[in-house]
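K.L.:
This is the structure I have questions about; it appears just below.
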Amino acid sequence: MASAKPRVKVPASAAKGEIIEIKSLISHTMESGQRKDKEGKAIPRKIINKFIVTFNGKEFFSADWAPAISANPFLSFHMRAEESGTMGFTWIDDDGSKYTAEKNLKVT
Amino acid sequence: MIEETKMKLKETPKEISRRHVIMLVGAAAATAGMLPRVSLADKAATDAAIKAIGGDGAEMSGITLDLPQIAENGSTVSVGVEVDSPMTADNYVKTVYIFAEGNPNPDVCTLHFTPAGGIARAYTRIRLAKTQNVIALAEMSDGSFKRETVEVKVTIGGCGG
Amino acid sequence: MRKNNRKIMMAGAAVAAVFSIATIAAGEPKSGYLSAEPETQAMQDDDFSNPAMLVTDYGGDLWSTADGDSGKSCEDCHGDAADSMKGVKTRYPTYYQPWGKMINLELRINECRKDNQKAKAWKYESKEMLGMASYIGYQSRGMPMAVDIGGKATPFFTKGKEFYYERRGQLDMACSHCHEDNSGNMIRANLLTEGQINGFPTYRLKWSGVGTLHRRFKGCNDQVRAIPYERGSDEYVNLELYLAWRGRGLAVETPSVRN
């Protein structure tokens, strides 16, 4: 289901001390485990259960997701810009797969 | 009588008749019937989850929970949460739990904040199985809790829903 | 822009002459965007919030990926889609000489794959087709729909129009009963729209994903308990032409977000 690359928006630059908004979107059905197929068999749960965000390698925000998160999960959150560096995004699937993205931020 | 019925059928309805709506709704219900029956969580299950975290004595203020009064579609409901906090090294929001009382399982998501965030605010999209209360519970760095509840009406659509 | 307007006026005059249509829909056409809840509109307004952009991005990747026996990508012939595909969506469906009938964007993509790329046709509702149709449609965002119904397209336009007003299914309802006579009225908790097509492929909350216009047609036909036609069928392509004309002048919103 990870045929589409995640979309993340981080401002290219920010003033030191500025609080920036980060938006993330990833393609995933977030199969809840509650649905049944046409034959009446339960469709097994398969969701992204964890989302981790780091800056220069240090985790500063994360989320645990239950099946109640909508398909193609969207999450926006914030960071105080203190130094230039790289923001890293990791989504962890129930099956152990990891999807990642990276964005650079320049602090002036 | 038969002639009259035939005449009626040829008329273009200026409004969609009650009969049409009932039939359409019936078709929608038949579709809905294909979904599995699941037991839904309730207030007791949600309260138990909150108690297990230690948030049963939470202060009922300090959180803004942004949800539509009426959700167009329960599959995708926008939710925003913001907790009042200076977000400094010794006074910040650690965790925000979101619960949905009327879902098969009350857990929706858990957000882990740090002072580096600068502000304890996030937006996401959630599934709501029916009209119900959505609850945000925030655990602060000093071990105290804040809580907010918002009721969301989930509409049952005509054709769109 | 001026050229488009003139074209529309000419087309309008031609239609009035040929079919002596009385008033079609009073006033300007209304996009379904206007009937959506503010939260749904907000999803569409921001490309970093709009989940259909994931699919559109994927289409962009396919655009520059070589495929088929030709070993060529779309880009190898068409260059930058932002230039070469700009405005394309506003003109489809269009008359296609080799078939002697109308062709829509999805079917045209497959023709190009077969003829030029020497590649296998994509399934109509495949993620590849949704990606490419969204990506090409996206290049016309904000441009007015301006389909040509004159000349050889005219008989197909007539068929599409007839389909729109024809009763079908167990509920014995035509498209017009909901989308012309009752647009703006409620059907239970939903506001009935004019059924405009300027946002397709669209991300539907109900689908939790992106789908084609013809998928929506099938859904509509199902709901009046009619047997739907196939995606890409002549019936649906002609209906698409008629609806594109009803929505002439509306800005392309591809990929939109709808309930």
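The values are calculated or read from the model by the stated rules, or taken from the named source; none is laboratory data. Not measured: the values here are computed from a predicted model. Because the Cβ atoms are built from the backbone with ideal geometry, glycine has one as well, and the counts that use them run over all protein chains shown. Remember, those area values only see protein heavy atoms, side chains included, never the ligands or the DNA or RNA. Shrake-Rupley method; radii C 1.70, N 1.55, O 1.52, S 1.80 Å.
K.L.:
What nm value, rounded to one decimal, do you get for the distance between C:A42 and B:N133 when each label is placed 7 Å out toward the C-beta?
P.N.:
2.4
K.L.:
Ranked from highest to lowest mean number of other Cβ atoms within 10 Å per residue, what is the order of the peptides C:181-192, B:51-62, B:144-155?
P.N.:
My ranking of the peptides, most packed first, is B:144-155, C:181-192, B:51-62.
K.L.:
Determine the shape class of the range C:121-207: with a ≥ b ≥ c the square roots of the Cα gyration tensor eigenvalues, call it rounded for a/c under 1.5, and otherwise prolate if a/b is greater than b/c, oblate otherwise. Mind showing how you got there, number by number?
P.N.:
Numbers: a/c = 1.68, a/b = 1.23, b/c = 1.37.
It is oblate, given that a/c is not under 1.5 and a/b is not larger than b/c.
K.L.:
Restricting to bridges with both residues inside the protein assembly as shown, how much of the DSSP beta-bridge set is antiparallel, in percent to the nearest 5?
P.N.:
Around 90 percent of the beta bridges assigned by DSSP in the protein assembly as shown are antiparallel ones.
K.L.:
Please give the solvent-accessible surface of C:L250 in Å², to the nearest 10, using a probe radius of 1.4 Å with every protein chain present.
P.N.:
Solvent-accessible area, nearest 10 Å²: 20 Å².
K.L.:
With all protein chains present, calculate the accessible area of C:D47 using a 1.4 Å probe and round the result to the nearest 10 Å².
P.N.:
40
K.L.:
Near A:G33, within a Cβ-to-Cβ distance under 9 Å, what is the net charge of the other residues, with Lys and Arg +1 and Asp and Glu -1?
P.N.:
Numbers: positive: A:R35, A:R45, A:K46; negative: A:E31.
Taking every Cβ under 9 Å from that of A:G33, the sum is +2.
K.L.:
Using protein heavy atoms only (no ligands, DNA or RNA), what is the total accessible area buried between A and B, 1.4 Å probe, nearest 100 Å²?
P.N.:
2300
K.L.:
Ok, one more. Keeping all protein chains in place and using 1.4 angstrom, which order do C:R215, A:R7 fall into by accessible surface area, from largest down?
P.N.:
C:R215, A:R7
K.L.:
Let me know the whole percent of all Cα-Cα pairs from the protein assembly as shown that are separated by more than 47 Å.
P.N.:
Result: 18 percent of Cα pairs exceed 47 Å.
K.L.:
By the scheme Lys and Arg +1, Asp and Glu -1, what is the net charge of all other residues having a beta-carbon under 10 Å from that of C:Y242?
P.N.:
Details: positive: C:K159, C:K161, C:R246; negative: C:E162, C:E240.
Surrounding charge for C:Y242 is +1.
K.L.:
Remind me, what semi-axes does the range B:43-154 give for its equivalent ellipsoid, largest first in whole Å, using sqrt of 5 times each Cα gyration tensor eigenvalue? Please report the intermediate quantities before stating the final value.
P.N.:
Values: eigenvalues 112, 50, 22 Å².
The equivalent ellipsoid of the range B:43-154 has semi-axes of 24, 16, 10 Å.
K.L.:
Continuing with this model, one more query. Taking R0 as 25 Å, what's the FRET efficiency between C:I227 and B:L40 from their Cβ-Cβ distance, rounded to 0.05?
P.N.:
About 0.10, to the nearest 0.05.
K.L.:
Averaged over A:72-83, how many beta carbons belonging to a partner chain fall within 10 Å of each residue's beta carbon?
P.N.:
Other-chain Cβ atoms within 10 Å of each residue's Cβ, averaged: 6.
K.L.:
At 1.4 Å probe size, with every protein chain present, just tell me what the per residue accessible area of the protein assembly as shown comes to in Å².
P.N.:
47
K.L.:
In the range C:40-78, what residues drop by 50 Å² or more in accessible surface going from the chain by itself to the full protein assembly, probe 1.4 Å?
P.N.:
When all protein chains are present, C:F48, C:L54 each give up 50 Å² or more of accessible surface.
K.L.:
Which loop chymotrypsin sites (Phe, Trp or Tyr not before Pro) in the range C:68-161, with loop taken from DSSP, have no more than 12 other Cβ atoms within 10 angstrom of their Cβ? Each step should come with its number before you reach the end.
P.N.:
On the way: sites: C:Y95, C:Y96, C:W99, C:W122, C:Y124, C:Y135, C:Y138, C:F156, C:F157; in loops: C:W99, C:W122, C:Y124.
Those that pass, being in a loop and sparsely packed, are C:W99.
K.L.:
I'd like the GluC sites (Glu not before Pro) in the range A:25-81 restricted to DSSP loop residues with at most 10 other Cβ atoms within 10 Å, sorted by number.
P.N.:
When the GluC sites (Glu not before Pro) of the range A:25-81 are filtered for loop state and at most 10 Cβ neighbours within 10 Å, A:E39 remain.
K.L.:
Starting from the Cα-Cα distance between C:K30 and C:D234, subtract it from 0.36 nm times their residue separation and give me the gain in nm to one decimal.
P.N.:
Full-extension gain reported as 70.8 nm.
K.L.:
To the nearest whole number, what is the average tally of beta carbon atoms from other chains within 10 Å of the beta carbons of peptide C:195-205?
P.N.:
Whole-number average of other-chain Cβ neighbours for C:195-205 is 2.
K.L.:
What is the average number of partner chain Cβ atoms found within 10 Å of a Cβ in B:64-77?
P.N.:
If you average over the peptide's residues, the count of other-chain Cβ atoms is 5.
K.L.:
Take the Cα radius of gyration of the range A:51-108 and divide it by 2.2 N^0.38 Å, with N its residue count; two decimals is plenty.
P.N.:
Relative to the 2.2 N^0.38 Å estimate, the range A:51-108 comes out at 1.24.
K.L.:
Need one number: nm distance between label points at A:D93 and B:D47, each 7 Å from Cα along Cα→Cβ, rounded to one decimal.
P.N.:
4.1
K.L.:
Would you list, by chain and number, the lysines whose Cα falls below 17 Å from the Cα of C:K86, excluding same-chain residues fewer than 8 positions away?
P.N.:
C:K3
K.L.:
Sticking with this structure for a sec: Once the other residues with Cβ under 11 Å from the Cβ of C:F200 are scored (Lys, Arg +1; Asp, Glu -1), what is the net sum?
P.N.:
With Lys, Arg at +1 and Asp, Glu at -1, the net is +2.
K.L.:
Then there's this: Would you kindly find the accessible area of B:I63, with a 1.4 Å probe and non-protein molecules such as ligands, DNA and RNA excluded, rounding to the nearest 10 Å²?
P.N.:
Spelled out: B:I63, probe radius 1.4 Å, area about 10 Å².
K.L.:
For a test of the definition: using alpha carbon positions, the gyration tensor, and the 1.5 limit on a/c, classify the range C:22-169 as rounded, prolate or oblate.
P.N.:
Taking the square roots of the gyration eigenvalues as a ≥ b ≥ c, the range C:22-169 is oblate.
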